[in-house]
Structures are given as C-alpha cells and as structure tokens.
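Below you will find the structure I want to go over with you.
The values are calculated or read from the model by the stated rules, or taken from the named source; none is laboratory data. As the structure is a computational prediction, the values presented were derived from the model and not from experiment. All Cβ positions, even for glycine, are placed from backbone atoms using ideal geometry, and neighbour counts span all protein chains on display.
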C-alpha cells in the first residue's frame, strides 16, 4: 500500500506541473519581451532602493504604445532587471525615456490611527535630482529590442535641495494622467 501511494504521488506531481504550466499566463496583446538590466550610479556609487520607470517615446518602431508599465527597484548593487506590469520578465522593444526616483522617508513606530494624526508628517529627503523623475526633463534614454543592448549603465546626480516640494505626489499624479491621455 505504501508503495502504491509513493508511486501515485511520484507520478502525479510532474503531471500536475505540466498541465498547470509554470508562471503566469501571458495576457493577449502582450508584445515580445526582451531582457533589460539597468544599473544606476550616483556620484560613482551604486544607487539602491531607486525606482526606475520607463516611458515609451513616440514612434512606429516602438512596440510599447504606453499600455504596458515597465519598471523595477534597484538592489544594493544599483541594478534592476526590468519587468512589464510587475509580472513579466523583460520589456517590449522600443525607445524609452528613463525616470529614476528615490526619496527617503523617516521611519517611525506606528502609534495608532488617532495618535498618528496628531504628529507632523514624516520628513522626506530627496536623494536623486527630481529632473530624473519627469519624462519631459530626464536626459536618460535607452533602446531595447532584438539585437540591441540588454544592459545599461546610467548616471544620475544628487538632489540640489533635499526638501520634497509640497504636493509633489499630486504633481506626479497629474503628470501621469496627462501622459496616459495621449
């Protein structure tokens, strides 16, 4: 009896994995994805915990018409393997403007909802110059596709003013909505 269960489960597991597939199913309309690794440096040192976001440039050769979000966060070596919609490894072929954003916010222990409301907002410190967070101002670009470069080294500069502008979150949201209306 023991041998029967071992044989049954031993054969069932591989069959289950074959029929279920591995990884998430690709959505309809998703273009071919190409691996893309970005390394971000600031003052010659790797920049960790930075958000790297790609915005497709206009043009017929661009397979990403703005429908697929391409982004990721850098690790301790300043590198990120970009993903599409946070699920799929790689990005669609095309030319992109690269935005890099990092703001550090002080951490404090949770004091409860009502007690937290009495405290001033946590202090935020801008690490990377905010021009790199605006697709209209960034000077960073890359192009990905068949036979194209798969690894990119980008250099950003530190913020001149470490204070986060008032209502910056709303400014970013408005900018994002404007980009998606095009």
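Only residues that are within 29 Å of residue 121 (Cα to Cα) and at pLDDT below 90: list them for region 58-102, please.
Across region 58-102, there are no qualifying residues.
Consider residue 124 against the criteria (1) closer than 25 Å to residue 58 by Cβ; (2) more than 20 Å from the chain's Cα centre (by Cα): it satisfies all of them except one. Which criterion is unmet?
(1)
While we're on this one: Is at least one residue of region 49-57 more than 12 Å from residue 156 (Cα to Cα), modelled with pLDDT of 90 or more, in contact with a strand residue (DSSP E or B) (Cβ under 6 Å, 6 or more places away or on another chain) and part of a loop (DSSP other than H, G, I, E, B)?
There is no residue in region 49-57 that is more than 12 Å from residue 156 (Cα to Cα), modelled with pLDDT of 90 or more, in contact with a strand residue (DSSP E or B) (Cβ under 6 Å, 6 or more places away or on another chain) and part of a loop (DSSP other than H, G, I, E, B).
Hey, any hits in region 59-70 for a residue that's farther than 20 Å from residue 162 by Cα, in a strand (DSSP E or B), out of contact with any helix residue (DSSP H, G or I) (no Cβ under 7 Å at 6 or more places or on another chain) and touching a residue at least 12 places away in the same chain (Cβ under 8 Å)? Walk me through how you get there before you give the answer.
So the first thing to find is which residues in region 59-70 are farther than 20 Å from residue 162 by Cα, and the list is 59-70.
The next check asks that each one be in a strand (DSSP E or B); those that pass are 70.
Next, from what is left, pick out any that are out of contact with any helix residue (DSSP H, G or I) (no Cβ under 7 Å at 6 or more places or on another chain): 70.
Narrowing the set further to residues that are touching a residue at least 12 places away in the same chain (Cβ under 8 Å) leaves 70.
Checked region 59-70: at least one residue is farther than 20 Å from residue 162 by Cα, in a strand (DSSP E or B), out of contact with any helix residue (DSSP H, G or I) (no Cβ under 7 Å at 6 or more places or on another chain) and touching a residue at least 12 places away in the same chain (Cβ under 8 Å).
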